[in-house]
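This report concerns only the one structure given below.
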Amino acid sequence: MTMKHIAGPNDWPRLPLLEGWQDTCTTLNMWAQVVGKIRLTLSPDINHSWGSTLYVTTHGLTTSPIPYGMFTFAIDFDFISHALCITTSQGNDRSFALEPMSVANFYRKTMQALAELGIEVRIFTRPVEVEVAIPFEKDEQHASYDANAASLFWHALVQTDCVFKEFRARFTGKVSPVHFFWGGIDLAVTRFSGRTAPKHPGGFPNVADRITQEAYSHEVSSAGFWPGTGVGEAAFYSYAYPSPPGFSDYPVQPEAAYFHDKLGEFILPYEAVRTAANPSQTLLSFLQTTYEAAATLAHWDRSALEREIASA
């Protein structure tokens, strides 16, 4: 099997520990939720909330085109120019600088820019997946923006996006796009066995249980990358729902990977990937072996769901 994405060690940026950029990370999380909820409100309701996610681009993150009447528009985080850019299929655009500002100010600027483009939208302004949910228009607490930290995290997303897409291509069954969930600020890709799953108990902070239950309506093996809330450093994760017996004890690669009992998922520190002789192959080994843990133990029909990628 040929791996098309070959990145060297220097292509994967060194990321600070989460505590070193926690304030910026939290602020970015809230900004992304503002933008994501705009897409969620105006886009078709695609299964598993896939119609609300963001995607990695050559400059940052995008909503992709959002329908509005007889035209479309897109909202992009540009982490090279450090700007929020809104463009329309009519050729109009608005932008403003990404710099230290409160979530409330970001929300006002975004809504004002949309209004100037003739786009009227009302969103549910309470954030999700956080214990303390301050409505966007009232959030003056989160106002940090370290441009360098934001850029480094995005560069890590770029490399991860490429490897995740390589991994996604190996599956012929139902599989999600590689997409960025603004609730948990994580890039993820999810494979499905094709079977329904037990009703999920829900319980995520400030998320309606019906949303979680629909997201996990079918059996999954899911992997992702996030700044590392709960583990203190950027990391890759992999979990199964439902988790089959023996999942936590299944031997996975690389050696730095481990099962986090509290989170209930396998974890691979980003630093272990970044410093590997072949970071992309190291990450692929984690994705493949943790998927095999789920698919083998839960008796997925792997011969019908997987394929070999022909050499170029």
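Within the stretch 87-104, the set of residues being of a type outside the set (A, V, I, L, M), in contact with an Asp or Glu (Cβ under 9 Å, 6 or more places away or on another chain) and buried (at least 18 other Cβ atoms within 10 Å of the Cβ) comprises THR87, ARG94, SER102. Figure legend. Inter-residue proximity from the stretch 272-290: first residues farther than 22 Å from TYR250 by Cα and basic (Lys, Arg), second residues modelled with pLDDT of 95 or more and surrounded by 20 or more Cβ atoms within 10 Å (Cβ to Cβ), beta-carbon distance below 8 Å, spacing 6+ or different chains. Indicated pairs: ARG274/TRP12; ARG274/LEU15.
Residues of the stretch 104-122 include at least one that is in contact (Cβ under 8 Å) with a residue 60 or more places away in the chain, in a loop (DSSP other than H, G, I, E, B) and farther than 30 Å from GLN159 by Cβ. For the stretch 213-235, a residue qualifies if it is under 26 Å from ASP301 (Cβ atoms), out of contact with any Asp or Glu (no Cβ under 8 Å at 6 or more places or on another chain) and not in a loop (DSSP other than H, G, I, E, B), and the qualifying residues are GLN213, GLU214, ALA215, HIS218, GLU219, VAL220, SER221, SER222, ALA223. Yes or no: the stretch 192-205 includes at least one residue that is hydrophobic (A, V, I, L, M, F, W, C), buried (at least 19 other Cβ atoms within 10 Å of the Cβ) and in the same structural domain as PHE236 (by TED's automatic domain parsing). Looking through the stretch 192-205, at least one residue is hydrophobic (A, V, I, L, M, F, W, C), buried (at least 19 other Cβ atoms within 10 Å of the Cβ) and in the same structural domain as PHE236 (by TED's automatic domain parsing).
So, in the stretch 38-70, how many residues would count as being surrounded by fewer than 22 Cβ atoms within 10 Å (Cβ to Cβ) and in contact with a Pro (Cβ under 9 Å, 6 or more places away or on another chain)? Residues in the stretch 38-70 being surrounded by fewer than 22 Cβ atoms within 10 Å (Cβ to Cβ) and in contact with a Pro (Cβ under 9 Å, 6 or more places away or on another chain): 7 in total. As an exercise: evaluate ILE267 against (1) in a strand (DSSP E or B); (2) surrounded by fewer than 16 Cβ atoms within 10 Å (Cβ to Cβ) and give the number of the one condition it does not meet. Evaluating ILE267 over (1) in a strand (DSSP E or B); (2) surrounded by fewer than 16 Cβ atoms within 10 Å (Cβ to Cβ) leaves (2) as the failure. When each of GLU271, GLU292, GLU219, GLU214 is tested for being within 24 Å of ASP11 (Cα to Cα), assigned by TED's automatic domain parsing to the domain that holds ALA156 and of a type in the set (Asp, Glu), the lone residue that passes is GLU271. Residue check: ASP301 meets all listed conditions (1) crowded, with 17+ Cβ neighbours inside 10 Å; (2) over 21 Å from the mean Cα position of the chain (by Cα) but one, namely (1). Taking the conditions (1) touching a residue at least 40 places away in the same chain (Cβ under 8 Å); (2) outside any loop (DSSP other than H, G, I, E, B) in turn, GLU137 satisfies each one other than (1). Evaluating SER285 against the criteria (1) surrounded by 15 or more Cβ atoms within 10 Å (Cβ to Cβ); (2) farther than 22 Å from ALA156 by Cα leaves one unmet condition, (2).
The values are calculated or read from the model by the stated rules, or taken from the named source; none is laboratory data. These figures come from a predicted structure and were not determined experimentally. Positions of Cβ are backbone-derived with ideal geometry, glycine not excepted, and every protein chain shown enters the neighbour counts.
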